[in-house]
There are 2 protein chains.
Amino acid sequence: MTFDYSAILSSRAAAAASPWKGYPPYHFVGGNIDEPTVPSEALAEAVKKVLLAEGHDMAKYGMESGPQGYLPLRQFICDNLKRCAAMKVSPDEVLVTTGSLQAMDLVNAALLEPGDVVVLEGANYGGALSRLRKLGVDFVGVDLDEGGMRMDSLRDTMEALKADGRKPKMIYTIPTVQNPTGTVMSTERRLEMLEIARDYDVPIFEDDCYADLIWEGERPPAIYSLDTDGRVIYCATFSKTIAPALRVGYIVAPWTVLKHIMPLKTDGGSGALEQMVLAEYLPSNFERHVNGLLPMLKEKAEAMTQSLDEHFGASADYIKPIGGIYIWVTLPDMVDTRKLSAAAAAAGVALNPGPEWSVDGEANKHRMRLCFGHPSVENIKEGIAKLADVCHREFGVPLRSGNVHRG
Amino acid sequence: MTFDYSAILSSRAAAAASPWKGYPPYHFVGGNIDEPTVPSEALAEAVKKVLLAEGHDMAKYGMESGPQGYLPLRQFICDNLKRCAAMKVSPDEVLVTTGSLQAMDLVNAALLEPGDVVVLEGANYGGALSRLRKLGVDFVGVDLDEGGMRMDSLRDTMEALKADGRKPKMIYTIPTVQNPTGTVMSTERRLEMLEIARDYDVPIFEDDCYADLIWEGERPPAIYSLDTDGRVIYCATFSKTIAPALRVGYIVAPWTVLKHIMPLKTDGGSGALEQMVLAEYLPSNFERHVNGLLPMLKEKAEAMTQSLDEHFGASADYIKPIGGIYIWVTLPDMVDTRKLSAAAAAAGVALNPGPEWSVDGEANKHRMRLCFGHPSVENIKEGIAKLADVCHREFGVPLRSGNVHRG
């Protein structure tokens with residue numbers, strides 16, 4: 001007899017994982033980065049140094065730093081946020097997390113109840129939307145343009161909700177290299193967002209996971225830095241700059257709310273070794289390392305846009321990336337990217353269909369997100385060519401690609 | 001104006017952390033271990049080797065191993081469980097977690113709803129009880145004796161619940177070096193527990209976090225190894241043998257339930273570096289390392305029992321530890337260990353009061369848990385002497401300690 005767990009699962013455990021099958025040949029999804037850029041040798045030196053100096057402190061759950069995370073790392077985070085994002089914060093306002101995914105789970109858990117409303121960019125990180133769905137939280141999408149979330153649309157949304165007697169729990173935003181559109185919100189819009197948040201008395205959750213990866217134009221000050229009344233909760237990560245598998249992210253928040261977030265982190269802390277190696281490596285290397293990533297990312301972005309131009313021609317529309325690791329592509333209306341995704345998967349090409357990455361799935365069913373951070377330039381070129389073939393076969397577009405007329 | 005988060009917190013966020021104040025001088029709480037035993041140098045060598053060989057794989061969230069954790073570590077876990085606990089499992093049945101605390105959270109999340117019932121040892125890990133309380137889960141305590149959970153009491157408990165129309169969601173047990181009693185359940189009792197679980201059609205959650213630390217007698221086979229119908233979910237950790245701050249634990253479970261547990265781990269994986277260094281270090285070092293820990297732990301346990309004998313005399317009763325890092329001490333009835341704990345804290349001594357470590361707080365209010373894994377022998381001796389002073393001052397016992405008659 002085999003015990004039947006299906007009869008006793010909680011309502012949260014409805015989903016079932018499939019056994020992992022490895023990566024597809026053309027892996028244009030997920031926040032993976034370029035393998036050669038992981039600074040393995042420098043990290044190996046750093047970890048050796050810090051282990052010999054402080055390894056014995058790992059005998060205690062929080063080392064000598066307590067439950068908020070390794071203090072030298074929190075200090076670096078503060079120094080770096082001051083340099084890059086104009087934020088003036090102290091290590092007491094930082095909580096190190098297992099990547100920004102745990103940061104998001106913790107902030108959500110602290111603020112959200114089923115039936116609550118969150119206002120966010122209408123095209124959005126699929127993992128943010130799926131988390132809110134699981135929590136039974138309603139979310140309302142705000143329009144975007146080439147400058148990110150539109151403030152007129154935000155104000156209209158807030159006003160409509162107010163008229164409806166519904167007060168949002170927060171505005172969730174990715175203002176810098178927005179996921180998936182890659183847009184960057186200007187300082188002016190950031191100030192306007194703060195004004196709207198004040199007018200409607202709601203906090204802002206600022207997700208800044210990709211903000212280090214801008215190769216064109218200036219990185220604006222974080223919304224957190226412009227806030228004068230402790231209204232912003234901030235999260236970011238080293239996944240996109242050092243290595244995603246390291247799982248080191250963080251929350252920055254006023255103690256008034258951080259003290260309520262901390263008891264929800266019930267895992268006894270995030271891994272010490274990763275915090276220690278980053279605290280040793282980053283202070284003298286982070287800026288230089290990130291500056292080294294940018295030309296490579298730009299090259300990959302250009303390989304992808306050029307391949308889209310070549311193989312999809314006028315059938316593929318997009319905002320040219322100025323940072324980040326993804327492109328949000330609009331295809332002709334007749335293309336359903338969920339069907340395209342299934343057909344492409346069979347051909348070894350993985351992509352994110354628009355409906356999984358947007359609030360209004362129907363309005364975005366001809367859109368898709370393509371990630372270029374991990375694959376090589378060669379792989380990008382091959383994969384986009386394959387994708388165009390699949391798309392043509394399934395939907396009759398693109399009609400022309402490069403010099404080849406399909407039909 | 002400062003934004004008021006208190007008005008918008010979720011019901012889960014009621015608790016508030018206090019700023020961390022560092023460790024007290026006599027720190028007899030928590031699963032911390034002996035600082036000199038952390039194998040820092042060997043870990044430094046191992047991490048360097050593995051980073052140079054495979055560091056670039058950290059560019060992907062799951063490296064080349066997928067979402068269940070670093071495959072070489074999962075393979076070691078299987079090999080080691082076969083050697084130590086008679087378990088025959090494959091890496092496909094293993095999920096690496098951020099310590100066993102996350103393992104516990106995940107298993108609870110997969111199975112438990114508010115109002116559910118869990119049956120467990122009546123004296124228990126405080127963190128297990130507080131988690132169940134937060135989930136709104138009822139728990140029913142089973143009596144313990146020197147051989148761990150009593151099977152007559154377990155059957156009575158199950159029968160009483162059945163008569164009451166309540167079917168428990170699981171039996172949670174720490175069969176090997178039970179927390180806090182330090183008891184080890186015999187193979188016979190394990191088989192009987194499985195029989196009872198079959199009779200009442202419930203699964204068993206076996207928490208084996210301290211099982212490596214037995215210095216007297218044989219480690220019995222895991223309940224998981226004796227099970228024939230996939231009824232047992234198992235968790236353990238390297239926190240107590242290598243270092244708690246590394247945060248590497250794991251779940252072993254039949255795929256029928258593991259596939260439902262996996263989607264609940266929404267943090268993008270646990271830290272890769274820690275998994276990599278353990279996979280490199282453990283295969284050729286784990287057995288020898290653990291064998292090196294045992295005499296030191298035994299010495300500390302003896303320092304603590306001898307100090308208790310010397311300073312508390314007949315006022316302190318306990319089961320002499322044969323493994324682990326804690327002692328469950330029974331004081332005279334008039335001692336309220338919650339009050340003792342508060343008074344001792346003022347004198348720099350931290351302890352776990354019995355009511356926080358038991359189902360029936362009132363019946364255990366004269367008991368306490370003392371951890372000896374972290375402090376030095378000298379610190380243990382001083383701390384227990386101080387504790388006896390405080391206890392005498394507050395409650396008039398112990399009357400005599402060593403050659404000193406207090407009064």
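Give the percent of DSSP beta bridges with both residues in region A:56-285 that are antiparallel, rounded to the nearest 5.
40 percent
Past 19 Å, Cα to Cα: identify those pairs from A:320/A:381; A:240/A:365; A:49/A:82; A:88/A:240, in the order given.
From A:320/A:381; A:240/A:365; A:49/A:82; A:88/A:240, over 19 Å: A:240/A:365; A:49/A:82; A:88/A:240.
Pop out the ³J(HN,Hα) list for region A:53-65 in order, Karplus 6.51 cos²θ - 1.76 cosθ + 1.60 with θ = phi - 60°, rounded to Hz; leave Gly and Pro as x.
Listing the rounded values in order: 7, 9, x, 5, 5, 5, 5, 10, 3, x, 6, 9, 10 Hz.
Which residues' amide hydrogens lie under 5 Å from the amide hydrogen of residue B:182, considering only partners 5 or more residues apart or on another chain, with H built in the peptide plane?
none
Give the calculated FRET efficiency between residue A:338 and residue A:152 to the nearest 0.05, with a Förster radius of 30 Å applied to their Cβ-Cβ distance.
Computed FRET efficiency for residue A:338 and residue A:152: 0.45.
Cut-off is 10 Å between beta-carbons; in what order do B:218, B:192 appear when sorted fewest neighbours first?
Fewest-to-most Cβ neighbours within 10 Å comes out as B:218, B:192.
From the residues B:316, B:363, B:19, which one has its Cα farthest along the dipole of chain B in the positive direction, the dipole being from +1 and -1 charges on Cβ of Lys/Arg and Asp/Glu about the Cα centre?
Checked the options; the winner is B:19.
What's the exposure ranking of B:334, B:158, going from fewest to most Cβ atoms within 10 Å?
With the fewest neighbours first, B:334, B:158 line up as B:334, B:158.
If the label point is 7 Å along Cα→Cβ of residue A:16, which residues in region B:237-260 have backbone nitrogen under 12 Å from it?
So the set is B:255-260.
Using alpha-carbon pairs under 8 Å, 6+ residues apart, how would you state the relative contact order of region A:303-407 in percent?
Taking the mean separation of contacting Cα pairs over the length of region A:303-407, I get 34 percent.
Return the percentage of antiparallel bridges among DSSP beta bridges fully within chain B, rounded to the nearest 5 %.
60 percent
Let me check against my output: what whole-number percent is the relative contact order of chain B, with C-alpha pairs under 8 Å and at least 6 apart?
Reported relative contact order: 22 percent.
Would you kindly derive the ³J(HN,Hα) couplings of region B:195-201 from the backbone phi angles with the Karplus curve 6.51 cos²θ - 1.76 cosθ + 1.60 (θ = phi - 60°), listing them in order in whole Hz, with x for Gly and Pro?
5, 5, 4, 5, 4, 9, 6
Towards the positive end of the charge dipole of region A:323-407, with charges on Cβ (+1 Lys, Arg; -1 Asp, Glu), say which of A:352, A:387, A:331 has the farthest Cα.
Of the listed residues, the answer is A:387.
Classify region A:105-259 as rounded, prolate or oblate, taking a ≥ b ≥ c as the square roots of the eigenvalues of its Cα gyration tensor: rounded when a/c is under 1.5, otherwise prolate if a/b is larger than b/c and oblate if not.
Rounded, because the longest to shortest axis ratio a/c is under 1.5.
Using 7 Å Cα-to-Cβ label points, what is the residue B:75/residue A:160 separation (nm, one decimal)?
Roughly 5.5 nm, to one decimal.
So, in Å, what gap is there between the alpha-carbon centers of region B:333-388 and region A:230-287?
34 Å
Under a Cβ-only charge scheme (Lys and Arg +1, Asp and Glu -1), can you give me the dipole magnitude of region A:283-374 about the Cα centre, in debye to the nearest 20? It would help to have the intermediate numbers written out before the result.
Numbers: 9 positive and 11 negative charges, 47 e Å.
Taking the Cα centre of region A:283-374 as origin, the dipole is about 220 debye.
Go through region A:304-407 and name the GluC sites (Glu not before Pro) that are in a DSSP coil and have 10 or fewer other Cβ atoms within 10 Å of their Cβ.
Hits after loop and neighbour filter: nothing returned.
What is the antiparallel percent of DSSP beta bridges lying wholly in the protein assembly as shown, to the nearest 5? Present the calculation step by step, with values, prior to reporting the outcome.
Working: 48 of 82 bridges.
In the protein assembly as shown, DSSP labels about 60 percent of beta bridges as antiparallel.
Can you tell me the 0 to 90 degree angle between the C-alpha axis of helix A:151-163 and the longest principal axis of chain A, rounded to 10?
For A:151-163 against chain A, the angle is about 80 degrees.
Measuring from the axis that superposes chain A on chain B, report the chain A residue with the minimal C-beta distance, rounded to whole Å.
Its Cβ sits closest to the axis: A:271, 2.
Give the calculated FRET efficiency between residue A:82 and residue B:64 to the nearest 0.05, with a Förster radius of 60 Å applied to their Cβ-Cβ distance.
About 0.95, to the nearest 0.05.
List the residues, sorted by chain then number, that are 5 or more residues from residue A:358 or on another chain and whose placed amide H is less than 5 Å from its amide H.
Excluding prolines and chain starts, which carry no amide H, the hits are A:124.
With +1 on each Lys and Arg Cβ and -1 on each Asp and Glu Cβ, and nothing else charged, work out how big the dipole of region A:56-285 is about its Cα centre, in Debye to the nearest 20. Before the final figure, lay out each step's value.
Numbers: 23 positive and 33 negative charges, 110 e Å.
Magnitude of the dipole: close to 520 debye.
Set the Förster radius R0 to 22 Å, insert the Cβ-Cβ distance between residue B:399 and residue B:378 as r into 1/(1 + (r/R0)^6), and round the FRET efficiency to 0.05.
About 0.25, to the nearest 0.05.
Sort B:38, A:290 by Cβ crowding within 10 Å, fewest neighbours at the top. Don't skip to the end; give the middle numbers.
Working: B:38 23, A:290 17.
Listing B:38, A:290 from fewest to most nearby Cβ atoms yields A:290, B:38.
Any aspartates and glutamates with Cα under 17 Å of the residue B:60 Cα? List them, leaving off those in the same chain fewer than 8 positions away.
A:34, A:35, A:274, B:267, B:274
Check each of the GluC sites (Glu not before Pro) in region B:116-168 and keep only those in coil by DSSP with at most 13 other C-beta atoms within 10 angstrom; list them in order.
B:146
Going by the alpha-carbon gyration tensor, a ≥ b ≥ c the square roots of its eigenvalues, is region A:57-119 rounded (a/c under 1.5) or, if a/c is not under 1.5, prolate (a/b greater than b/c) versus oblate?
Because a/c hits 1.5 or more and a/b fails to exceed b/c, region A:57-119 counts as oblate.
Before anything else, pin down the relative contact order of region A:56-285: Cα pairs under 8 Å, at least 6 apart, normalised by residue count, whole percent.
Relative contact order comes out at 28 percent.
Can you list, shortest first and in nm, the gaps between the label point of residue B:79 and those of its counterparts in the other copies, using a point 7 Å from Cα in the C-beta direction?
Copy-to-copy label distances at residue B:79, shortest first: 4.1 nm.
Would you work out if region B:1-61 is rounded, prolate or oblate? Take a ≥ b ≥ c from the square roots of the eigenvalues of the alpha-carbon gyration tensor; rounded if a/c is under 1.5, else prolate when a/b is larger than b/c, oblate otherwise. Each step should come with its number before you reach the end.
Details: a/c = 3.70, a/b = 1.52, b/c = 2.43.
Note, shape of region B:1-61 comes out oblate.
Explain nothing, just the number: dipole magnitude of the protein assembly as shown about its Cα centre with +1 on each Lys and Arg Cβ and -1 on each Asp and Glu Cβ, in debye rounded to the nearest 20.
Details: 82 positive and 108 negative charges, 9 e Å.
Around 40 debye, computed over the protein assembly as shown.
Readers should treat all values here as calculations from the given coordinates under stated rules, not as data from a laboratory. Note that the structure is a prediction, hence the values are computed from the model and not measured. Don't worry about glycine lacking a Cβ; one is built from the backbone with ideal geometry, like all the others, and counts go over all protein chains shown.
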